[in-house]
Amino acid sequence: MTSLPKVVLKLSGEVLAGTKGFGFEPAVLDNVAGQLVRAQGEGAKAALVLGGGNIFRGLSDGAAGMDRVTADEMGMLATVINALALKDAILRAGGTVELFTARPFSPIGRPYVRDEARRALEQGTLVLLAGGTGNPFFSTDSGAALRAAELGCDLYLKGTKVDGVYDSDPAVNRDATRFDTITFAEMVKRRLRVMDLTAVTLLSENNVRALVYRMTDPDSIYQAALGRCAGTLITR
């Protein structure tokens, strides 16, 4: 039997809001948790990094005029709230899960220690990684890429509203062309804003492949946790 890859899934906070646009939609939260627990039952080794945009985004209009460090810290706290909500849903769905936070939040979660998180991941526990890197000025993409490299993951999966990487915005250009595969270097050369340069550098230099997929497709998060969803593969 072929072993499954170790993966990090980056999910935007907005996905948890569903049609509400803010906060949580219980049915969506339960659906995401159910997909993850189903994948766990099939041997998935998955860590998840959640954004906080459904609660607060550090670079949003709501943060206008606010000190950048303060705004980013509020954004990091929002990711902890999302992780707690998902942890609760996973436990209710019968899964096993550990929540690690970049800064100490005892007893809410365990302080992130690479070896402890890696051990949990290897054992098949769903690992939630909250609080970004613990530092301001880093995007959720960068934080997720850092954790993927630290944990020795094979694949970084970014869930988006579209089914991969395009040569232009498919929401604007109906003739946009989708890539099946692309290199990190080509993506940067074409100025495709799939993720920030820090995330690209971390993934490329540590030889972690990335896959961009549409997270709203049925079973997409389940497939992503197993490392086999459809989308655009990004390699060195």
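The values are calculated or read from the model by the stated rules, or taken from the named source; none is laboratory data. Note that the structure is a prediction, hence the values are computed from the model and not measured. Methodologically, a virtual Cβ is constructed for each residue, glycine included, from the backbone with ideal geometry; neighbour enumeration extends over all protein chains shown.
Brief remarks on what is shown
- Of everything in the range 114-143 that is closer than 24 Å to Thr201 by Cβ and among the hydrophobic types (A, V, I, L, M, F, W, C), the residue that is surrounded by the fewest Cβ atoms within 10 Å (Cβ to Cβ) is Phe137.
- Any chance Arg110 is in contact with a Phe, Trp or Tyr (Cβ under 7 Å, 6 or more places away or on another chain) and either in contact (Cβ under 8 Å) with a residue 60 or more places away in the chain or on the phi < 0 side of the Ramachandran plot (or both): yes
- Top-ranked residue of the range 161-208 - restricted to ones that are in contact (Cβ under 8 Å) with a residue 60 or more places away in the chain and under 30 Å from Glu116 (Cβ atoms), ranked as surrounded by the most Cβ atoms within 10 Å (Cβ to Cβ): Ala199
- Conditions (1) outside any helix (DSSP H, G or I); (2) more than 28 Å from Arg68 (Cβ to Cβ); (3) in contact with a Lys or Arg (Cβ under 6 Å, 6 or more places away or on another chain): number failed by Ala171: (3)
- When residues of the range 31-75 are limited to those that are assigned to a loop (DSSP other than H, G, I, E, B) and modelled with pLDDT of 95 or more, the one farthest from Gly132 (Cα to Cα): Glu42
- Checklist (1) under 15 Å from Lys10 (Cα atoms); (2) out of contact with any Asp or Glu (no Cβ under 7 Å at 6 or more places or on another chain) applied to Ser204, failing item: (1)
- Scanning the range 224-236 for residues that are under 13 Å from Leu9 (Cβ atoms) and touching a residue at least 12 places away in the same chain (Cβ under 8 Å) yields Ala224, Ala225, Leu226, Gly227, Cys229, Gly231.
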